[in-house]
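Sharing a structure with you now.
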Amino acid sequence: SAQTKSEYELSTLTTWLLKEEQAGHLDSELATVISSIALACKQIASLVTRSGISNLTGAAGAANFSGEDQKKLDVISNEVFANALRASGRTGIIASEEEDLPVSVEETYSGNYVVVFDPLDGSSNIDAGISVGSIFGVYAPSEECDVNDMENPEKMMENCVINVCQPGSSLLAAGYCLYSSSTVLMLSIGKGLFGFTYDSMVGEFIMSHPNLQVPETGKIYAFNEGNYQGWEPKLREYMDGLKDAEKWGGKPYSARYIGSLVGDFHRTLLYGGIYGYPGDNANPNGKLRLLYECAPMSYLVEQGGGKGSTGRERVLDVCPEKVHQRVPLFIGSKKEVENVEAYLAQA
Ligand code: AHM
Ligand code: MG
């Protein structure tokens, strides 16, 4: 008998995770980790929305006897992420932009997943009320990194540094949450790219972008062009080419740059185009970090049919040697990334 869909039926992140679990695309342990990340994102969304008002509270608090400095939102977001993952009981190790070294999460019940994240990327935008986001990746646990081996914590941590440093191609899941005019969680467990928009009336992430496909081309570029003079000649040639109206049938590429990776990347996924953070004279590997910025975003873009490249190789193939290692990044529509790669290959 055919079941009719009720008009009140919602496809939420929770119901989607259950369906994916039934289909054998992930196990309940990983679903629990993802749910706890979604909870952290809801909490951060609320903090970001209220940050201006909270700052007023903070200013009053500064006069108070305890004299404690109000914590910056990125430090608070780091705590929110770490607490949510600890409470999940499935996470063994976390590596965060806000921590020097990977941290072992105690009280692990089972799973011992390795979670890498940037809890609040683009936080320099916060005071102006501009979009920011959280980025995360989940790796399988590994034996070298035994959280119960507390006899030699230093050695354990050293192993964990190596263990956390797996190439992006071994990610089990990755995603980001954009805090903007709406709060959107984009997610992949290796079976396509899915987006969920937060509905504050229901308190849930609702499926809004099922199986998103990144446009194959797109005439929008997002680079910090202030660094142009430090770029290699072939990259400058590429950029000059984008502005050459004649070459593109009368209309050159459009420039869009927020300076908030999650926002710039989200637009690139939806509208097509390219986001770039190349190396330059002063910073040969650019600015963005491989483990918790470039690898998760490259995993997502590939799941939508796009590409993530260092300009010379696939980001997901880069095996990191350090937790906070940087790589140049060119990411977005397949044809657009191939175009910049073709220029750089001539160098
Ligand atoms: P952050 O992790 O310190 O917030 O820096 C990362 C941010 C990205 O969101 C953004 O794409 C980039 O830095 C912008 O850098 P720039 O200001 O050099 O253009
Ligand atoms: Mg960051």
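The values are calculated or read from the model by the stated rules, or taken from the named source; none is laboratory data. Because the structure is a prediction, the values reported are computed rather than measured. Using ideal geometry, Cβ is built from the backbone for each residue, glycine included, and neighbour counts are taken over all protein chains shown.
Of the residues in region 198-242, how many are without any contact (Cβ under 8 Å) to a residue 12 or more places away in the chain, within 16 Å of ligand 1 (Cβ to nearest atom) and surrounded by 14 or more Cβ atoms within 10 Å (Cβ to Cβ)?
1
I'm trying to understand the selection: among the residues of region 256-282, which are within 24 Å of Cys41 (Cα to Cα) and not in a helix (DSSP H, G or I)?
Tyr257, Ile258, Gly259, Ser260, Tyr275 - these are the residues of region 256-282 that are within 24 Å of Cys41 (Cα to Cα) and not in a helix (DSSP H, G or I).
Now, a different point. Could you please find all residues in region 76-114 being within 16 Å of ligand 1 (Cβ to nearest atom) and in a strand (DSSP E or B)?
Within region 76-114, Ala95, Ser96 meet the criteria.
Another question about this same structure. Touching a helix residue (DSSP H, G or I) at 6+ places or on another chain (Cβ under 9 Å) and modelled with pLDDT of 90 or more: does that describe Ile34?
yes
Here's something else I'd like to know. Restricting attention to region 311-347, which residues are in a loop (DSSP other than H, G, I, E, B), without any contact (Cβ under 8 Å) to a residue 60 or more places away in the chain and out of contact with any helix residue (DSSP H, G or I) (no Cβ under 8 Å at 6 or more places or on another chain)?
Listed by number, the residues that qualify are Glu313, Pro328.
Right, something else. Against the condition without any contact (Cβ under 8 Å) to a residue 40 or more places away in the chain and among the acidic types (Asp, Glu), how does Glu302 come out, does it pass?
On the way: without any contact (Cβ under 8 Å) to a residue 40 or more places away in the chain: yes; among the acidic types (Asp, Glu): yes.
Criteria met by Glu302.
Among the residues of region 72-99, count how many are of a type in the set (D, E, K, R) and in contact (Cβ under 8 Å) with a residue 40 or more places away in the chain.
4
Also: Select from region 243-265 the residues that are within 16 Å of ligand 1 (Cβ to nearest atom) and free of Cβ contacts under 8 Å to residues at least 60 places away in the same chain and write down the one among them that is nearest to Gly122 (Cα to Cα).
Asp264
If you take the residues of region 124-139 that are surrounded by fewer than 21 Cβ atoms within 10 Å (Cβ to Cβ) and within 9 Å of ligand 1 (Cβ to nearest atom), which of them is nearest to His266 (Cα to Cα)?
Asn125
Here is a further query. Residues of region 112-156 being modelled with pLDDT under 80 and either within 29 Å of Leu73 (Cα to Cα) or within 16 Å of ligand 2 (Cβ to nearest atom) (or both), which ones?
Answer for region 112-156, where residues must be modelled with pLDDT under 80 and either within 29 Å of Leu73 (Cα to Cα) or within 16 Å of ligand 2 (Cβ to nearest atom) (or both): just Val147.
Hey, another quick one. Just give me the residues in region 289-345 being surrounded by fewer than 23 Cβ atoms within 10 Å (Cβ to Cβ), among the charged types (D, E, K, R) and within 13 Å of ligand 1 (Cβ to nearest atom), in sequence order.
Selection gives Arg326 alone.
If you don't mind, there's one more thing I want to ask. Limited to region 278-287, what total is found for residues that are within 16 Å of ligand 2 (Cβ to nearest atom) and either buried (at least 20 other Cβ atoms within 10 Å of the Cβ) or β-branched (Val, Ile, Thr) (or both)?
The initial filter retains those residues of region 278-287 that are within 16 Å of ligand 2 (Cβ to nearest atom), namely 283, 285-287.
Next cut, either buried (at least 20 other Cβ atoms within 10 Å of the Cβ) or β-branched (Val, Ile, Thr) (or both) only: 286.
Counting residues in region 278-287 that are within 16 Å of ligand 2 (Cβ to nearest atom) and either buried (at least 20 other Cβ atoms within 10 Å of the Cβ) or β-branched (Val, Ile, Thr) (or both) gives 1.
Okay, next question. Tell me, yes or no, whether region 219-238 has at least one residue that is within 16 Å of ligand 2 (Cβ to nearest atom) and at pLDDT 95 or above.
Checking region 219-238: at least one residue is within 16 Å of ligand 2 (Cβ to nearest atom) and at pLDDT 95 or above.
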